[in-house]
Each structure stands twice: as structure tokens, then as C-alpha cells.
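Engineer: Below is a structure I'd like to ask you about.
The values are calculated or read from the model by the stated rules, or taken from the named source; none is laboratory data. On a predicted model such as this, the values are computed, not experimentally measured, just so you know. Don't worry about glycine lacking a Cβ; one is built from the backbone with ideal geometry, like all the others, and counts go over all protein chains shown.
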Amino acid sequence: MRSSVWVLALGVVLGSVSQSAYAQATPGARAGQPSGQRAGGQPAAAPRRSPGAGPIIVFETVKGTFEVETYPNEAPKSVEHILALARRNFYNGLRVHRLVPGFVVQFGDPQTRDMTKRARWGNGGSGREIGVAEISPKRPHRLGAVALARQEGQPGSADSQMYVALAGLDSPQIANLNGKYTVIGQVISGLDVVQKLQVTDVIRRATVREQGASK
């Protein structure tokens, strides 16, 4: 495994385990309100999906569940890679390894299963890079955008690590990511869960809901 750290360009490379490593929504719930319910305990309406969106990845975490629609039309190789990893349970048991409040929360390093390797969190991946950056102006970094981290200066080096944007395009930090990192999807349910995630929180399970499949 390479020792280089995957990062997000933020003007400068951030440099600690919680703020270095690989490098945001429509708030669907009020503070303290469980994801998936409206005020008053009524079931929430099905999330509105984007035209052309692909399979949904369902992430079950210690803080709750969030769902990500994918964009295979704009990022076919990247989406195929991440879906393949999810289908073989790659993300099960991984921990959040990076949180920058108001910027991103990040996970996808298999080393995070081992607390004794915390000093190296952010360096790991599946061992198979995607090999291409698939950046589309149709899919900018919005609040809740899901994109792939990569190594500095190597656009095709993205692998398993992904981040969720904790702010929108009105944030200079988020706007600075556009044109540099591949957006593979968008959180369409459970953004309140994403906003509660902290470093070391566990992704219990990631599953793929195929197109046309019901919950």
C-alpha cells in the first residue's frame, strides 16, 4: 500500500488525521427529528430522484441511515467501481476517518477497521484505482454531493474513499472542489444523519438498491 495520503485541494493540503487524509443539502429534517419522518411522526415522502440517476447506495451507520443516488451517465467507471465495492461488502465496518465541519465528512479506508492503525487512516483503499477522473459540469458539488477523494496531483487515482459535502456552492471551499473531483452521487435521504457523523463512527453496512427496486 502506498504511503501517500489522498487529499482534497483546499488551497493548501490539510495536514492531520481528522483534517488530512482523503479529501456538505436540502436539510430534510429539523434538529432532533429522526431521518425518514416528518414533524408529527408522519412518514416522509419518497425522496425525489434526479433524471438519469442510477442505483441507490444505502449506508447504515451508527447514527442512522442515509441514501445516495448515483450518476452512472456522467461518471460510469467511477460509479461502477463504487457499486462493485458496495456489493462485495467492502464498506461494511469501516469508520469515518475525516471530518471538517462545514466542509466534508469522509470514509472508505479499510484500515479504519483497526483502531491500532489510526495513524495511517486516510492512506488506504481497495488497491485498485479507477484510473480516470470523470468530472461533469452537470454534477457540481452541492450540499450533500458525494465525490471521490484522490491523491494530490493524480486525477485518476481515486479508489474507495469518498466524501460528502457539508455545505453548498455558496461556500468558497466547496466551490473550489468543482472541476477537480469526481461527483458520483447525491444524498437524497438522511442528510441529517450525515451531518451527525463524527470521526470513528462506523458504517455498519452498505447495500445497493437497483433501479426499479422498492425499499
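Engineer: Can you pull out every residue in region 91-104 that is over 15 Å from VAL62 (Cα atoms) and touching a Lys or Arg at 6+ places or on another chain (Cβ under 9 Å)? First the steps, then the outcome.
Structural biologist: First, the residues of region 91-104 that are over 15 Å from VAL62 (Cα atoms): 98-104.
Scanning region 91-104 gives a single hit, VAL104.
Engineer: Another one. Inside region 119-157, can you point out the residues that are hydroxyl-bearing (Ser, Thr, Tyr) and more than 13 Å from LYS180 (Cβ to Cβ)? Quick ask: steps written out before the conclusion?
Structural biologist: Restricting attention to region 119-157, the residues satisfying the condition of being hydroxyl-bearing (Ser, Thr, Tyr) are 126, 136, 157.
Selection gives SER126 alone.
Engineer: Name the one entry in GLY153, GLY212, GLY168 that is at pLDDT 95 or above and small (Gly, Ala, Ser). First the steps, then the outcome.
Structural biologist: Values: GLY153 fails: at pLDDT 95 or above; GLY212 fails: at pLDDT 95 or above.
One residue alone meets the criteria, GLY168.
Residue-wise test of (1) under 20 Å from HIS97 (Cβ atoms); (2) surrounded by fewer than 21 Cβ atoms within 10 Å (Cβ to Cβ).
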site: GLY127; (1), (2): yes, yes
site: LYS138; (1), (2): no, yes
site: GLU152; (1), (2): yes, yes
site: GLY156; (1), (2): no, yes
site: LEU177; (1), (2): yes, no
site: ARG205; (1), (2): yes, yes
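Engineer: Is one or more of the residues making up region 69-81 among the acidic types (Asp, Glu), in a strand (DSSP E or B) and within 24 Å of GLY52 (Cα to Cα)? Break it down into steps so the answer makes sense when it comes.
Structural biologist: Here is the first cut: in region 69-81, the ones among the acidic types (Asp, Glu) are 69, 74, 80.
Filter again for in a strand (DSSP E or B), leaving 69.
Those left that are additionally within 24 Å of GLY52 (Cα to Cα): 69.
Yes.
Engineer: Quick check, is VAL96 within 17 Å of VAL199 (Cβ to Cβ) and at pLDDT 95 or above? Show your work before the answer.
Structural biologist: Values: within 17 Å of VAL199 (Cβ to Cβ): yes; at pLDDT 95 or above: yes.
Yes: the conditions hold for VAL96.
Engineer: Out of all the residues in region 72-79, is one or more farther than 23 Å from LYS138 by Cα and of a type outside the set (D, E, K, R)? Break it down stepwise before answering.
Structural biologist: Within region 72-79, the first condition is being farther than 23 Å from LYS138 by Cα, and the residues that meet it are none.
No.
Engineer: Return a yes/no flag: does region 87-101 have any residue that is buried (at least 19 other Cβ atoms within 10 Å of the Cβ) and in a helix (DSSP H, G or I).
Structural biologist: Here is the first cut: in region 87-101, the ones buried (at least 19 other Cβ atoms within 10 Å of the Cβ) are 91, 94-100.
Still in the running and in a helix (DSSP H, G or I): none.
Checked against the condition, which is being buried (at least 19 other Cβ atoms within 10 Å of the Cβ) and in a helix (DSSP H, G or I), region 87-101 yields no hits at all.
Engineer: Check PRO55, PRO72, PRO76, PRO47 and return the single one that is modelled with pLDDT under 95 and surrounded by fewer than 23 Cβ atoms within 10 Å (Cβ to Cβ).
Structural biologist: Working: PRO55 fails: modelled with pLDDT under 95; PRO72 fails: modelled with pLDDT under 95; PRO76 fails: modelled with pLDDT under 95.
Selected residue: PRO47, the only one of PRO55, PRO72, PRO76, PRO47 that is modelled with pLDDT under 95 and surrounded by fewer than 23 Cβ atoms within 10 Å (Cβ to Cβ).
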